[in-house]
1. Can you tell me which condition B:Met132 does not meet? The list is (1) within 14 Å of chain A (Cβ to nearest Cβ); (2) more than 16 Å from ligand 2 (Cβ to nearest atom); (3) modelled with pLDDT of 90 or more, and all the others hold.
2. Can you confirm whether B:Leu164 is closer than 22 Å to B:Asn49 by Cβ and either among the aromatic types (Phe, Trp, Tyr) or within 16 Å of ligand 2 (Cβ to nearest atom) (or both)?
3. So which helices (runs of 4 or more DSSP H) are wholly in region A:182-284 and hold at least 3 residues that are at pLDDT 90 or above and more than 19 Å from the chain's Cα centre (by Cα)?
4. Determine, yes or no, whether B:Gly145 is of a type outside the set (D, E, K, R) and either more than 13 Å from chain A (Cβ to nearest Cβ) or in contact with a His (Cβ under 9 Å, 6 or more places away or on another chain) (or both).
5. Go through region B:9-19 and count every residue that is within 15 Å of ligand 2 (Cβ to nearest atom) and either assigned to a helix (DSSP H, G or I) or modelled with pLDDT of 90 or more (or both).
6. Which ones in region B:33-52 are more than 13 Å from the chain's Cα centre (by Cα) and within 8 Å of ligand 1 (Cβ to nearest atom)?
7. Could you list, in sequence order, all residues of region A:606-641 that are more than 22 Å from A:Gly499 (Cβ to Cβ) and among the small types (Gly, Ala, Ser)?
8. Mind checking which residues of region A:301-347 are part of a helix (DSSP H, G or I), touching a Pro at 6+ places or on another chain (Cβ under 7 Å) and within 11 Å of chain B (Cβ to nearest Cβ)?
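The values are calculated or read from the model by the stated rules, or taken from the named source; none is laboratory data. The shown structure was predicted, so the numbers you read here are calculated from the model rather than taken from an experiment. As a convention, Cβ positions derive from the backbone with ideal geometry for all residues, glycine included, and neighbour counts pool all protein chains shown.
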Amino acid sequence: MLKNYLKIAWRNLAKNKVFSFINILGLTIGTTCCMMIFLYIMNEFGVDKFHADKKNIYRVMRGFDMNGTKLSVPYLSGPYAPALLNDYAGSIKKAVRVMHNYGLVTLGNNSFNEKKLYVVDSNFFSFFTFPLVSGNAATVLKDPASVVLTETAAKKYFGNQDPIGKIVELDKSLKLKVTGIAKDVPSNSHLDFDMVVPISNYANEEWIKIWINNNNFTYVLLNDNVQKASLEKSFPKFMDKYMGKDLARFGAKMDLSLTPMSDIYFEPHSAFDNVKHGDKKVVYIFLSIAALILLIACINFTNLSTIRAVERSKEVGLRKVMGALRNHLVYQFIGESVLITLISCLLSLGLLKVLMPVYNHLLGYSLTISWNAAPLYLFLVGVIICVGFLAGSYPAVFLSGFTPIQALKGKLKLGKGGSFFRQTLVVVQFSISVFLVIGTIIIMSQMRYVKNMELGYNQEHSIVLPVNNDMYNNRQAFKNELENLGSVASVSYMSGEPGGFFDMHTLKAEGRNDLVWKTRTEFTDFDYVKTLGLKIIAGRDFSGAFSTDTTEAALINRTAAKSLGFTPEQAIGKWVQNTIRDDKKRRIVGVIEDFNFLSLKEKMDALVITPNDDHRVVVIRLKSGNVTAALAEVKSAFAKISASYPFEYTFLDQKFDELYKTDIRQQTILSIFAGLAIFIACLGLFGLASFTATKRTKEIGVRKVLGSSTQGIVVLLSRELLKPVILATCVAIPAGYFAMNSWLQNFSYRTPMHWWIFAVAASLTIGIALFTISFKAIRAALMNPVTSLRSE
Amino acid sequence: MIKIANMHKVFSTEEVETTALNGIDMDVRDGEFVAIMGPSGCGKSTLLNILGLLDNPSEGSYEFYGTEVAKMSERQRAQIRKGNIGFVFQSFNLIDELTVYENVELPLLYLKTPPAERKEKVEAALTRMNMMHRRNHFPQQLSGGQQQRTAIARAVVATPKTILADEPTGNLDSKNGEEVMNLLSQLNAAGTTILMVTHSPYDAGFAHRIVNLFDGKIVTEKVHV
Ligand SMILES: Nc1ncnc2c1ncn2[C@@H]1O[C@H](COP(=O)(O)OP(=O)(O)OP(=O)(O)O)[C@@H](O)[C@H]1O
Ligand SMILES: [Mg+2]
């Protein structure tokens, strides 16, 4: 019997090539998309789950109050970890400090900027589970003069030589011996390094001993029976003990809290927590898309199978006459749909394997779960059972319910109910499609809007160089050298370039002795405004004509003036004082128009710009013209003052793109999936169109004999099929409007939702649907009437 | 043994009620060959379908080999149909996706006949209908006569007590029609009860008895000697 079912299922597939093709193609694409999204989601939720002690690892967070809002940052200073271990010996088993740094790595005549340098306590590799290819996790960082490289870094520095025992020089001061090689950090880890150096090298540095500093993340491993909450309750005493005096001096309040390892990844990304973060919202968006695509594919499947089944009513009737019971037929139909699902699943596994590299490329990282992971197969089995059984059971139950005589009497009438059901499914499909199109267009236009927004500063022809030690020591000479180049318009040193890092400091301000004012700070030279092309709206710029500007002047932005309660004009002449950096009060000499120095996802913040030697980057604005030649000139100037450092630069606008890289990636993936959803829905529509055309062949013939025109027939056929599509558009537009409106709330700067977006989405979908339908309708209409009449 | 009494069949659609059978009483003995005749639309097919347990009467009783079946559900009827009744249709009604062999095999599959016995029976039936040489063909590849012979093979393969044939020669030329009639007569001679609807007086001549229907009623019965 089974053999017979299989045989007839197979022959049916082979005979109805269009139907089989549409069904299998739609389902294959749907399943493949779902698996891709499934892998992505598994990767997201798998972040940091590979650490053996993950359950007991916490990151210590420092909370403080920022002009009324509570903020939590992971940066602590050096003394925390030893003090925590000492004071909580019974609760905290281990602690490790992790400091993310840049460094200059020198090997003979070659030097590299190492951007993923971690400076850590020696127990780093036994605390976390980052496997070593060689070296002993417990001892590999014991000696201060040791270093661990990842496989990739080792390859970069030493090629195919054995790196163990080789010496590298860090920042031209430390000579370190390679004692271990770590496996490359997987993409599902919030910590990400290429080079790991013991923090003991810096034990005697002043900055590591100061409580108030910010320089490292501190992770603790709690004992099994310790409750996070009860430990946190005792932290205020701890803070009081060590930081009480400092805090009183700065008028600040701080507390500590613990974030479980597994929660770190989904905490919001900010300049203060610059590790890899994920966004649960994005995960949910992807999850919904996966579900929607699968739903669209299932609807195709059900619709087409039902229609196919109706065409097979004669077979159903005969089988009944031959003695088939109802459940025989139900099994048969479900079996057939399971067979199709099975074929689709096998095909999509193959497709997934082929597409994986492309997908990883689109995502920008390699998913850690491979295409042949066990959960994936579980998912596939789920698909087979759900889709195969559920989508197959409607036609099965529906058809087997007819008496044999009804079935045998030729074509079964699907009845009003059946047709209503089918139309509803089509409405659902196309609502989803239109919704996805609207979503994609709005996301794209938001991204474009953000990119083209008036940033308020000059982004073009500007390069950013990190300030290295050599450059720092010769910075005036380098600046002079650059300014003498014909190709350079302006040069300015600063603590952070727009889109880069900005400290947040506590300031005192005039007439508000009670106010602890937290603002962003920029430490720079006199050419800041000129180089970035900022606009002064009140007062003046820093100027060499005023010899006291270096120590006594400050510029603030419009938001800062507002947050102090002044108009830009009023603010001039008022004093401010940075509680950490300034010895005396500074006068506000000018107010600049707000410019987007942070990511556009963040709100405009107050900014205080003061001349200071804390120079971390240099921004060089080139004159428009030959950029390549200008870069060559800058490079040779650079080589004169810091030959041992590599010349690595970024463009200011590139930096900005980098900020939105993830969003842009997600947007690309989203539009691909949305496109596929429409494609699958149209496949289904094509199937329905072929069915309608076939079903009405005779009618078309008769109408033509009676004198109907070809257009008349096309309109007749298209009208019926377009109705649900148009209805779907009406449903999806308000839904899309509300959903996207709430998505846009994530941004501080929002693109308006133009009416044309909805018009485009609607006409795009209806257009594609019409094209699909008319392809079939025109063919049917153009058929020779004799052929159509003979078809019964 | 078939026994029907006061049988009515009313088809109700939204607009009209059609009385297809209007009080039929009829007995068919074991091994009898009965021909049912009458003008188009008089209810012959309706009667045959009910006799074949493919449909329920609206009213009246129907005793099939001692069992009252008139009020049975489709499920129960299906159980009785299996192996007891064979069907031959005017339009052959073979499954297009199955070969000749597989079409004939189908009733045995539903009867769960073991494979070896199945093969034997199918081959016997095909040989008897002279269709062995075509057993791997699909219905579309056969002539009308060959299709009908396949349909008869399928009807007899499970050796049912009764065969119902609705205009079995209706779509055939006279030569093929004659052949089909001969096959049916042979089956009858071997003990199978046959109920056949026909428009052809010649075909009706093969039967023991002719029942004439008009407007859903039996008007005359003629018994051959
Ligand atoms: N499913 C149905 N619904 C409504 N009316 C029906 C149905 N089946 C048959 N009838 C009606 O019942 C009557 C008898 O039909 P039936 O098919 O039994 O005639 P017939 O004697 O076999 O005719 P023919 O010689 O043309 O095959 C007809 O008037 C027909 O319209
Ligand atoms: Mg008839």
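1. (1)
2. Details: closer than 22 Å to B:Asn49 by Cβ: yes; either among the aromatic types (Phe, Trp, Tyr) or within 16 Å of ligand 2 (Cβ to nearest atom) (or both): yes.
Taking the combined requirement at face value, the residue satisfies it.
3. On the way: elements: A:228-233, A:235-250, A:261-264.
Answer list for region A:182-284: A:228-233, A:235-250.
4. So B:Gly145 passes the test.
5. Just the residues of region B:9-19 that are within 15 Å of ligand 2 (Cβ to nearest atom), to begin with: B:9, B:11, B:18.
Adding the requirement that they be either assigned to a helix (DSSP H, G or I) or modelled with pLDDT of 90 or more (or both) leaves B:9.
So the count comes out to 1.
6. First, pick out the residues of region B:33-52 that are more than 13 Å from the chain's Cα centre (by Cα): B:37-43.
Scanning region B:33-52 gives B:Gly38, B:Pro39, B:Ser40, B:Gly41, B:Cys42, B:Gly43.
7. Selection gives A:Gly625, A:Ala629, A:Ala632, A:Ser636, A:Ala637, A:Ala639.
8. Going residue by residue through region A:301-347, those that are part of a helix (DSSP H, G or I) are A:301-311, A:313-321, A:326-347.
Now drop any that are not touching a Pro at 6+ places or on another chain (Cβ under 7 Å), which leaves A:305-306, A:309, A:317, A:320-321, A:333.
Within region A:301-347, A:Gly317, A:Lys320, A:Val321 meet the criteria.
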